[in-house]
Amino acid sequence: MTVWNRWFGRGPERSSRPPTPSDILQQKTDAKVSGRLDKDVRFLQDLFGRNDDFVIRTLQMFDSRPACLLYFSNLVNRDVINEHILKPLMGAERPRRGLRDARGMKQFLAKRVIYYGEVHYEHRLAKVAEALLRGETILLVEGLDEALHLATRNVVERAVEQPETEQVIRGGRDGFTELLATNVTLLRYRLQTPNFRVQMLTIGRATKTKVGVCYVEGVANDTLVQEVLDRLQAVDVDGVIDAGTLEQFIEDNHWSPFPQIQNTERPDKCVATLLEGRVVILTDGTPFALIVPAVFTQFYQTLDDYTERPLMASLIRMVRIVALIFSLVFPSLYVSVIAFNPELIPTKFAVAVAGGRAGVPFPAVVEVLVMEVTMEVLREATLRLPQQVGGALSIVGVLVVGQAAVAAGFASPITVVVVALTTIGSFATPAYNAAVALRILRFVLTVLAGIWGLYGVMLGLIAITHHMLSLRSFGVPYLSPIVPGDWQGLKDSWLRAPLWWMPRRPRHLFPQDPTRLAPDTQGVILQRPSHPLDPVRPRRRR
Amino acid sequence: MEAPRFQTVTFLEATATVISTIIGVGVLALPRIAAEAGNSGAPLVTLLGIVLSTVGLVLVTALGMRFPRQSPVEYSERIIGRWPARGVSLLLVAFFATLTGLAAREFAEVVVTSVLPRTPVEVTAIAMLALTAWCCRANLTTFAYAHLFYLPFVLAPGLVIVALSLKNAALLNLLPVVGNHPDAGAIAAGALTVSALFQGSFVVAMVIPGMRRPRRAMAASLVGICVAGGLYLAIVIATVGVFGAAATAEFLWPTLELAKTTLLPGEVLERLDAAFLMVWVTAVFTTLYSTYALTARALRDLFRLGDHSLWVTFLLPYVFLIALVPPDIVRLYQVIEWVGRFGLWITIGYPCLLWLVCLLGGARGDEPHAN
């Protein structure tokens, strides 16, 4: 059998590479701090010695006992180390009673010497190594069988700024940053209920990315929270680079063009969704939070819809829906009407269209597809270019190329109008990923329109809507609350009803506490308002 | 029928399923069928047809509510014995597969005649059938969602056409109500053909096992057939009222002709027939969707398989072949009439028989699970 294996190369691969630090750590998971300084330091030096930013500072403590401070110089706050750790360690007064035993020494160090908030002891060397990588400073002392951890991590942090991808007219100007701790702060500051929970997970073998699962206990459904935790815990990958990569591991349908998880940079939006009974997933290292579950209506709603008054909000929301539908079907309708059913449009306009298209040598579908692709290229180019150049490019692209294409007889003026309207329509969709989904489908519909005219467009639309109807996000039907119909939810779908008229949380999320508004609040609001400054009354009072 | 966790269909969804299943490609030819049978008595013929199919639907629904967690294939075995029931179920499968194929062919003919004259009818038919088959793999919950979602698009064109064309209608065209030279035989035959257009409503038998509260199935069926029948009746009245019975009988698809006479106020669109036809694609799709799903699920139950999606793919070539059998449009309508009349034995006669045996033998299904 061994001969067989050798012949066919089946045997276990003989690994010739030297063990990596993580191999060593895995082999010696239960290695303990010995208390002999040189031995422990050598162990850690073997692990990290090849890094130039790994600092081993040997020192003599106040009682001339040798000790060693270890840290990664780029990860820690050096001022703190100098001022609050090194200085007291070396200069503290020697206690009157001699500290013979290790236990007394440990107590003395933590309680009397070091002026630092987050301090704890650890005896496993593997944990010590992990802590070093996290940015903690380790103090090893001769004769102590535990290492002192000091949370001195200092990572460059961007200031809290206005989120660039989701601007609002009215609403908070703060957005998430890359640091998970800051983001949790932003949420906690807005949501001061004891029921707010943040459950931390670590995902990624190499990146050890911290992931916070946030929800409001008593509102979010338990099974939903459990499912989110289960799906996250099942992810075993070397690195989580961004919330976007995490999203792809936990979404329901991986092949659907439609996003089933919403992302946002806005803490106020997160708080609103948390209070609806959703779960927010924060990932360390990215300013984007994931919101699950997500239904389609969420992708055309913005915070402005709720901060503005209902009538205005509803109108603007309807405009957005029109833009959405435009960006999906406009080119395909144009192609099918021009190429198959010109009798539908009024004769005068049909003549104008035909006149415009007279010099164009291609079928309408080719013309539209070429222009659409050009537009997509322009859009992508503007996105990737530095901002200073981007503005110039978009003007050159849109004005000059469009005008030149018409003048060259390459496209008809109406095609340019249609393509431009479509592109603008797709920009009006607040969620970038949903806009992309519709953009992809627009091409499919245009091709179908080129083959079968309106019939093809209808078949395509039926396929798309049926797909959306069959889609689920964590079990929630994607087109809720429209189908399956829910009257309470419909008030906040394509219209936005007054807030006092929506006393319940969305039913499709099965919140544990379904009511949002106290029953008498609605009555108080609907009562006839008193008029303290009625022009008649103050005069009477006089 | 489905696993218990799929018992999600609500009253509204069941009603929508019945309505949008009934309203299909038949609406285009219906006024001709009715006018041929009863000339100015066309509405009467339609009404009789609706009454007859209501009887059938009530029977099917009553049976379904008696066996609220079983499909027709399953409970028929329980009522009249395994092998006879299996034979009839096989016939049922064959009938609904044929119905699907013929409806697809009929609509493909309409599309090719009116909007895509240079496209082969096979291509239009297979496109529609392929879409239907692709959608059919979904579960019953999604099936009911789809019917609810498409309902407005199914109802809207008919209602708009009726509303816009009534100004051209003349009451005189509809008189006498019983028709000139009434012939009971012709009226009865016409009523049978009209009632054959309602056979898709048998789908309620498939929906009941997935309903959250099967007790409301009867209400869903009745509301459904009232809405769909009301729309059909309104379309017949409008068509005969506008064109007169003699002209209506001459048109191949009088409803489409009616659509051509309508005009939107403001003349935004010069002609509406193509637009209406396109929205009707939805109506045809929902009908095909129901009959196709019914066929696939009946086959699944017949062969005791856990999943119907295997049959969905397997059925497609057969349904497509059936769609290609009639050589031309004249023969197509002969075949449709013949198949439709034969189908009445399955969708009305067979439930009648099952119901009688039930009454005599007292067979009853399990109580629905508490939900």
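Among the residues of the stretch B:159-212, the ones that are within 30 Å of B:VAL73 (Cβ to Cβ) and either charged (D, E, K, R) or surrounded by fewer than 21 Cβ atoms within 10 Å (Cβ to Cβ) (or both) come to 2 in all. Which of the residues belonging to the stretch A:334-365 are facing chain B (nearest Cβ under 10 Å) and part of a loop (DSSP other than H, G, I, E, B)? Residues satisfying the conditions are A:PHE340, A:ASN341, A:ILE345, A:PRO346. For the stretch A:525-542, a residue qualifies if it is over 24 Å from A:TRP500 (Cβ atoms) and modelled with pLDDT of 70 or more, and the qualifying residues are A:PRO535, A:VAL536. The single condition from (1) within 15 Å of the chain's Cα centre (by Cα); (2) crowded, with 24+ Cβ neighbours inside 10 Å; (3) under 30 Å from B:PHE303 (Cβ atoms) that B:ALA97 fails is (2). Does A:PRO506 satisfy being crowded, with 22+ Cβ neighbours inside 10 Å and in contact (Cβ under 8 Å) with a residue 24 or more places away in the chain? Criteria met by A:PRO506.
Being assigned to a loop (DSSP other than H, G, I, E, B) and over 45 Å from the mean Cα position of the chain (by Cα) is the filter; apply it to the stretch A:2-51 and report the residue that is modelled with the highest pLDDT.
If we take residues in the stretch A:2-51 being assigned to a loop (DSSP other than H, G, I, E, B) and over 45 Å from the mean Cα position of the chain (by Cα), then A:ARG36 is modelled with the highest pLDDT.
Condition check ((1) closer than 26 Å to A:GLN260 by Cα; (2) outside the structural domain of A:LEU274 (by TED's automatic domain parsing); (3) basic (Lys, Arg)) across all residues:
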residue	(1), (2), (3)
A:TRP500	no, yes, no
A:ARG504	yes, yes, yes
A:HIS508	yes, yes, no
A:GLN527	no, yes, no
A:SER530	no, yes, no
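Note on the stretch B:325-354: residues that are of a type in the set (A, V, I, L, M) and exposed (fewer than 15 other Cβ atoms within 10 Å of the Cβ) total 2. Among the residues of the stretch B:113-123, those that are among the β-branched types (Val, Ile, Thr) and facing chain A (nearest Cβ under 9 Å) comprise B:VAL115, B:THR119, B:VAL123.
Out of the residues in the stretch B:124-135 that are within 18 Å of the chain's Cα centre (by Cα) and more than 10 Å from every other protein chain (Cβ to nearest Cβ), state the one that is farthest from A:GLY453 (Cα to Cα). Per the criteria, the residue is B:ALA133.
Scanning the stretch A:139-173 for residues being touching a residue at least 60 places away in the same chain (Cβ under 8 Å), among the hydrophobic types (A, V, I, L, M, F, W, C) and outside any loop (DSSP other than H, G, I, E, B) gives a total of 5. In the set (1) of a type in the set (A, V, I, L, M); (2) within 14 Å of chain A (Cβ to nearest Cβ); (3) in contact with a Ser or Thr (Cβ under 9 Å, 6 or more places away or on another chain); (4) touching a residue at least 24 places away in the same chain (Cβ under 8 Å), B:ALA138 fails one condition alone, (4). Of the helices (runs of 4 or more DSSP H) lying entirely inside the stretch A:452-542, the ones with 1 or more residues being touching a strand residue (DSSP E or B) at 6+ places or on another chain (Cβ under 7 Å) are found at A:487-490.
Can you pull out every residue in the stretch A:63-79 that is buried (at least 17 other Cβ atoms within 10 Å of the Cβ) and either among the hydroxyl-bearing types (Ser, Thr, Tyr) or within 29 Å of A:ASP101 (Cβ to Cβ) (or both)? Matches in the stretch A:63-79: A:ALA67, A:CYS68, A:LEU69, A:LEU70, A:TYR71. Applying the condition of being polar (S, T, N, Q) and under 16 Å from B:CYS136 (Cβ atoms) to the stretch A:456-485 and asking which residue is nearest to the other protein chains (Cβ to nearest Cβ) yields A:SER470.
Each residue in the stretch B:257-277 was checked for being within 14 Å of chain A (Cβ to nearest Cβ) and touching a residue at least 12 places away in the same chain (Cβ under 8 Å), and 10 pass. Would a scan of the stretch A:340-360 turn up a residue that is aromatic (Phe, Trp, Tyr), within 24 Å of B:MET278 (Cβ to Cβ) and in contact with a Leu (Cβ under 9 Å, 6 or more places away or on another chain)? Scanning the stretch A:340-360 turns up at least one residue that is aromatic (Phe, Trp, Tyr), within 24 Å of B:MET278 (Cβ to Cβ) and in contact with a Leu (Cβ under 9 Å, 6 or more places away or on another chain).
If I filter the stretch A:305-312 for residues that are surrounded by fewer than 23 Cβ atoms within 10 Å (Cβ to Cβ) and closer than 21 Å to A:ASN183 by Cβ, do I get at least one hit?
So far as the stretch A:305-312 goes, no, none of its residues is surrounded by fewer than 23 Cβ atoms within 10 Å (Cβ to Cβ) and closer than 21 Å to A:ASN183 by Cβ.
Scanning the stretch B:65-79 for any residue that is in contact with a Cys (Cβ under 7 Å, 6 or more places away or on another chain), within 26 Å of B:THR141 (Cβ to Cβ) and assigned to a helix (DSSP H, G or I) turns up at least one such residue. Scanning the stretch A:239-287 for residues being of a type outside the set (Ser, Thr, Tyr), touching an Asp or Glu at 6+ places or on another chain (Cβ under 6 Å) and crowded, with 21+ Cβ neighbours inside 10 Å gives a total of 5.
Scanning the stretch A:206-224 for residues that are among the aliphatic types (A, V, I, L, M) and either under 17 Å from the mean Cα position of the chain (by Cα) or assigned by TED's automatic domain parsing to the domain that holds A:ALA131 (or both) gives A:VAL211, A:VAL213. Looking at the stretch B:27-37, is at least one residue in contact (Cβ under 8 Å) with a residue 12 or more places away in the chain and within 14 Å of chain A (Cβ to nearest Cβ)? No - not one qualifying residue is present in the stretch B:27-37.
You will find that of B:PHE202, B:PHE198, B:PHE149, the residue that is within 18 Å of the chain's Cα centre (by Cα) and within 14 Å of another protein chain (Cβ to nearest Cβ) is B:PHE149 and no other. Report whether or not A:GLY453 is surrounded by 23 or more Cβ atoms within 10 Å (Cβ to Cβ) and facing another protein chain (nearest Cβ under 8 Å). Yes, satisfied.
The values are calculated or read from the model by the stated rules, or taken from the named source; none is laboratory data. Only a predicted model underlies this, so the values are computations on that prediction, with no experimental measurement involved. Virtual Cβ from ideal backbone geometry, glycine too; neighbours counted across all protein chains shown.
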